Amino acid sequence: EQLSEPESIAALIQATGKTDWVLQTPLPARMWPTVHALVGQKHVRKSAARNMLSQVCRSFQWQLDAGQTPESLVASYGDVISVGGLLYETKSVAPLLDFSLPESLSSVVLDVVRQTRLWPEEKLDTARELCAHFADGLEQGETEDALIKSFGSPQTAARLIRRARLRNRPFAWRARRRTWQAMVVLMMAVLVPWTVLTIRFLVAKPTITFDLIQEIDDLSRAVPRQERAWPLYLQGFSKFTKDDQAQFGKLRLTGLMEGPASEDWPATKAFLKKHDAVVELYLQATRHPQLGFINRPNANDLGKYRELNRPYEMNPVDEAVIYICLPQTQELSFKVAPMLNGAIYLAAEEGDAERCLQLLLARINVASHYRQTGPYVICQIGANGLIGSAAQLAQQIVVENPKLFTDKQLTTLFQKIEHTPIEPLDYEPSKRWLENLIQNTYTDDGNGNGRLTLRGFRILSDLAEDSPVHEKWLQSVIPTLLE
């Protein structure tokens with residue numbers, strides 16, 4: 001239903017955003033509803049509406065100047081709302097206003113033109129051809145319904161017209177279009193498989209069937225609490241203040257390890273005598289055959305010594321990394337062994353053979369405790385190193401103090417060294433660590449088959465980050481790992 005003349009003018013002002021354009025246009029008032037029917041389309045930008053208003057008014061003015069009356073123009077275009085849509089689709093006015101088609105036929109033309117998705121000039125040619133086709137049919141006496149029925153589906157017509165128009169476009173445009181299509185197909189051929197692989201990779205989760213740390217802790221928990229050496233070591237560590245630790249750090253590689261041959265020996269002797277209680281705690285600890293270190297202690301595992309142990313709890317359950325921290329190994333080799341070394345030198349200098357013997361035996365036992373820190377090759381290497389250095393220290397003491405020990409004491413010392421040999425490395429326990437690495441790196445379908453997980457990729461990246469050779473190897477095997 002058309003608006004009244006004032007309503008049409010108000011609607012055009014709102015659609016174009018320009019009052020003067022409408023009010024200053026020299027058209028008869030009775031024509032404004034027709035102008036609004038053509039220009040006032042929904043969802044049209046104001047700039048496009050202003051441009052279309054200018055063209056429509058100019059076309060009507062030309063027709064009025066040519067002798068047509070406002071009544072004849074209103075009668076021709078008063079009800080053709082679809083013509084307005086055609087004007088916007090083709091961005092042209094004059095060629096289409098020459099056809100006075102009924103609204104039903106104009107609507108078919110608009111549907112076809114919109115669905116062709118062609119360039120504006122191609123849409124204009126298509127609209128003119130369709131309008132001419134329907135105009136010829138009306139002149140031959142056919143009805144609107146018959147013309148629409150014989151025309152067929154607008155979707156089919158639009159598809160056929162678009163295909164023909166695209167074939168007639170310049171070769172350069174068609175070549176560019178085929179190139180883009182080929183690129184899209186190629187990108188899809190690459191992106192789809194990679195997207196599937198990426199999603200498959202990101203959703204993959206490792207199947208954890210055992211906890212290596214928990215297995216080691218279970219062995220330590222099997223040792224009765226009163227037979228564990230670790231709580232005694234903890235007490236010894238706790239007796240050092242920050243100043244004591246700083247002084248210990250200065251003397252560790254000099255007076256404590258070199259004895260009287262060091263320039264720091266006088267200060268070392270004073271330090272040892274001040275911390276004789278620490279040495280005694282270490283002696284008591286070495287008399288226990290089992291270290292008993294627990295990585296993740298429960299509330300009742302360490303009793304009153306739990307707070308002393310917290311700095312050494314470095315392997316939490318929820319940690320996503322596969323590495324195992326061994327803080328106890330550093331304490332045994334960097335704190336306990338040097339203190340016992342210095343005490344051995346001091347006892348030998350003072351001529352206390354029995355204390356010197358007990359300290360040497362304790363020094364050898366530290367190596368046994370070190371070996372219990374884990375079934376790993378690194379632990380075996382460290383333990384062998386402590387045994388070797390203990391044997392060398394015993395030899396040095398015996399050679400430099402030939403009258404210090406009795407034959408019985410020497411026999412005891414030599415038997416201890418003989419029964420604590422430097423053992424060959426055993427790689428068999430390390431298989432468990434490799435199994436732990438694999439279970440954290442790959443999925444498992446229950447039959448031993450699996451694929452790389454995100455956690456596994458991070459583990460491999462960590463293994464390779466410190467070595468350019470390993471990093472290059474990792475980059476080369478990533479495609480294989482993702483299969």
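Where a number appears in this text, it was derived from the coordinates with a stated rule and is not lab data. If you're wondering where the values come from, they're calculated on a predicted model, not measured in any experiment. Ideal geometry is used to build each Cβ from the backbone, glycine not excepted, and the neighbour counts take in all protein chains shown.
Some values worked out for this structure:
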{"read-out": "Modelled FRET efficiency - R0 30 Å, K250 with R287, Cβ distances, 0.05 increments", "value": "0.50"}
{"read-out": "Potential lengthening between N300 and H43 on full extension [0.36 nm per residue; Cα-Cα distance subtracted]", "value": "85.0 nm"}
{"read-out": "Mean-position separation - Cα centroids, segment 175-208 and segment 27-82, in angstrom", "value": "52"}
{"read-out": "P(r) histogram, all alpha-carbon pairs of the chain included - 20 Å bins from 0, percent", "value": "17, 26, 13, 12, 16, 14, 3, 0"}
{"read-out": "Degrees separating the helix 454-464 axis from the principal Cα axis of the chain, which is the longest one", "value": "60"}
{"read-out": "Over 25 Å between alpha carbons, listed pairs K274/K403; K239/K304; K18/K123; K242/K335; K205/K431", "value": "K274/K403; K18/K123"}
{"read-out": "Viscosity 1.306 mPa s, temperature 10 °C, Stokes-Einstein D of segment 11-138 from Kirkwood C-alpha radius, µm²/s", "value": "107"}
{"read-out": "Positive minus negative residues near K123 (Lys, Arg vs Asp, Glu; Cβ under 14 Å)", "value": "+1"}
{"read-out": "Sorted peptide list for 249-260, 354-365, 206-217, criterion being average Cβ within 10 angstrom, highest first", "value": "354-365, 249-260, 206-217"}
{"read-out": "R0 of 45 Å, Cβ-Cβ distance A66-R176: FRET efficiency to nearest 0.05", "value": "0.55"}
{"read-out": "Whole-angstrom gap from segment 282-317 to segment 382-398, using each part's C-alpha centre", "value": "26"}
{"read-out": "Calculated FRET efficiency for the pair R167/D20, C-beta based, R₀ 56 Å, to 0.05", "value": "0.75"}
{"read-out": "Rough spin-label spacing in nm, given labels placed 7 Å along Cα→Cβ, for R117 and K408", "value": "10.5"}
{"read-out": "Expected 222 nm ellipticity per residue - DSSP helices of 4 or more, -39500 (n - 2.57), all of the chain, to 500", "value": "-21000 deg cm²/dmol"}
{"read-out": "Net charge dipole size for segment 212-418 [Lys, Arg +1 and Asp, Glu -1 on Cβ; Debye, nearest 20]", "value": "260"}
{"read-out": "Between 0 and 90°, nearest 10: helix 265-274 axis offset from the chain longest Cα axis", "value": "90"}
{"read-out": "Ranked L437, L124, criterion: other C-beta atoms within 10 Å, fewest first", "value": "L437, L124"}
{"read-out": "Semi-axes of the equivalent ellipsoid for segment 120-215, Cα gyration tensor, largest first, Å", "value": "59, 21, 8"}
{"read-out": "Point-to-point label distance, D243-K273, nm (Cα→Cβ direction, 7 Å offset)", "value": "1.8"}
{"read-out": "Principal-axis tilt of helix 103-116 within the chain, Cα atoms, nearest 10 degrees", "value": "40"}
